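Okay, so here's the structure we're looking at.
The values are calculated or read from the model by the stated rules, or taken from the named source; none is laboratory data. Here the structure is a predicted model, which is why all the values come from computation and not from measurement. Please note: Cβ atoms are built from the backbone with ideal geometry, for glycine as well, and neighbour counts cover all protein chains shown.
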């Protein structure tokens, strides 16, 4: 297999509150000999909120982000489900509405850029599962995750709306997604089947509707725990923030203690590929995740 | 490929008048390639148990009566081919009502909350109509297109009962009511747009409580994409100066503030800016936990000391914000 090369759109969280996401992603890429070129010019995708305020501005900024991947001529990979959907929705709009694209390009021309629609955008999860391939990952496992029952939490913005997502997620069924389950299998962990795995974590209303956010986060975490999960894993750092940081608040609201390590998808892969404790970055978790490293090698 | 498949249907059974708890009953049947989910519901009733209850009427995908969930997927029974469901979920299909907690009998639910919310947004053109007009009043092509496909809603309730926000917040209007609110607000003949925008901008019942899960887009049998209309309502609030400054509107607008300055979102600043100086205090517990874990740093909000990353070519971003921003709070 020739070397895989991608333009990496890190998103904001990987550069700020979840440094462990970036370090584990780069560690996985190094282990698998995947070349990731970080798009340092990129700006925030608007996180599904900017478009509520100003949809045109959101499209212009995301078109600019895509332009930089186009300059490299590489498929853009994302580390965050919400970045993925915002960039993919921008691409969808511009690729199918020539008048609108002209309006956006008129703005981009002022900074010497032009959106062409020449590259694909996919989440790193699907770069690993569909491009690199599960069998190839399996062959590289140094620390089988057989000590863990792992609950996959897919995150909305990788699986819905399916018509858009099917262009980059290998045709995932939004009511029965399987990619993360298969990845856990390939790493020799035990995937946990539970009803909340394709549900919403509530992150996007955390400020204005904390009761809703805590209810959704708490329900999903407890569902995983009640199905004997030792770890939850998610490809989305926004789900991760809610699931990791809000365990105390969500548990208080639910009237139960909640304590479960929540890993980013690349952290789980990094663990199985034998990356270092530093690279995996388990110290950056609010819930107790440090123990996972020792337990993996027990 | 075989023209029939043998499957097991596990159907939710409950009679609110006699049962304490619901239960599931299995029915085995040979399904033909042209059969619809509605045909399978009929066959349970006709071939197995005459007391099995569900709503049905037009069989043409227009009355909106026969919405149920198959393995968690909201479907309009008369539009959904059974083989497609078997392709998605295998040979065990689980039939459940749209909302289990609202079940009256088997697939039949009390849809009262749906109708009350739908009615509350004034789902009609509010206008004084001249009963004897002397000339035709025409809508421009642009005005027609602006209504989008919001007019195709058949009030089946699939999106409403797929919405997780509504499931935990009873006062939330829900996606179908928002589609109706948008459809009539976008109608040039209508005079109640502002009232609807005010109604749907309130935190709690309004659009700001949308969790952005896209369950509604996935659930709609008419491919209406309700969340697109929810976003339109958000936008109209700003365009028509209905938006009040509150935690949700500042959160949406605050992204511009960060992006102009850093390219990236300043995660701590957006919470401070959205919540205001008093509101932010309730996040102190989480902030301290995040500091302990090294996720955020005490110096982050001090100029020149923080770790805030900056995008390369930030000047481009600043310029694009300046020339592209269309809305204001």
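So, in region A:204-245, exactly how many residues are free of Cβ contacts under 8 Å to residues at least 60 places away in the same chain, closer than 23 Å to residue A:45 by Cβ and out of contact with any helix residue (DSSP H, G or I) (no Cβ under 7 Å at 6 or more places or on another chain)? Selection size over region A:204-245: 1. Can residue A:172 be described as assigned to a loop (DSSP other than H, G, I, E, B), away from chain B (no Cβ under 11 Å), touching a residue at least 40 places away in the same chain (Cβ under 8 Å) and touching a helix residue (DSSP H, G or I) at 6+ places or on another chain (Cβ under 8 Å)? Spelling it out, it is not the case that residue A:172 is assigned to a loop (DSSP other than H, G, I, E, B), away from chain B (no Cβ under 11 Å), touching a residue at least 40 places away in the same chain (Cβ under 8 Å) and touching a helix residue (DSSP H, G or I) at 6+ places or on another chain (Cβ under 8 Å).
For region A:134-161, the tally of residues that are surrounded by fewer than 17 Cβ atoms within 10 Å (Cβ to Cβ), free of Cβ contacts under 8 Å to residues at least 40 places away in the same chain and either not assigned by TED's automatic domain parsing to the domain that holds residue A:241 or not in a loop (DSSP other than H, G, I, E, B) (or both) stands at 0. Just one of (1) facing chain A (nearest Cβ under 8 Å); (2) in contact (Cβ under 8 Å) with a residue 12 or more places away in the chain; (3) in a loop (DSSP other than H, G, I, E, B) fails for residue B:256. It is (3). For the structure I just gave you, tell me whether residue B:274 is within 9 Å of chain A (Cβ to nearest Cβ) and either touching a residue at least 60 places away in the same chain (Cβ under 8 Å) or crowded, with 21+ Cβ neighbours inside 10 Å (or both). Spelling it out, residue B:274 is indeed within 9 Å of chain A (Cβ to nearest Cβ) and either touching a residue at least 60 places away in the same chain (Cβ under 8 Å) or crowded, with 21+ Cβ neighbours inside 10 Å (or both).
The set of residues from region B:189-208 being within 10 Å of chain A (Cβ to nearest Cβ) and surrounded by fewer than 24 Cβ atoms within 10 Å (Cβ to Cβ) comprises B:203, B:204.
Residues of region A:30-50 that are buried (at least 24 other Cβ atoms within 10 Å of the Cβ) and part of a helix (DSSP H, G or I): A:50 alone. Picking from residues in region A:209-231 that are surrounded by fewer than 21 Cβ atoms within 10 Å (Cβ to Cβ) and farther than 20 Å from residue A:191 by Cα, the one that is nearest to the other protein chains (Cβ to nearest Cβ) is A:215. Within region B:52-80, the set of residues being away from chain A (no Cβ under 14 Å) and closer than 19 Å to residue B:8 by Cα comprises B:52, B:53, B:54, B:77.
I'd like the full set of residues that are more than 8 Å from chain A (Cβ to nearest Cβ) and in contact (Cβ under 8 Å) with a residue 12 or more places away in the chain, limited to region B:304-321. Answer for region B:304-321, where residues must be more than 8 Å from chain A (Cβ to nearest Cβ) and in contact (Cβ under 8 Å) with a residue 12 or more places away in the chain: B:310, B:314, B:318.
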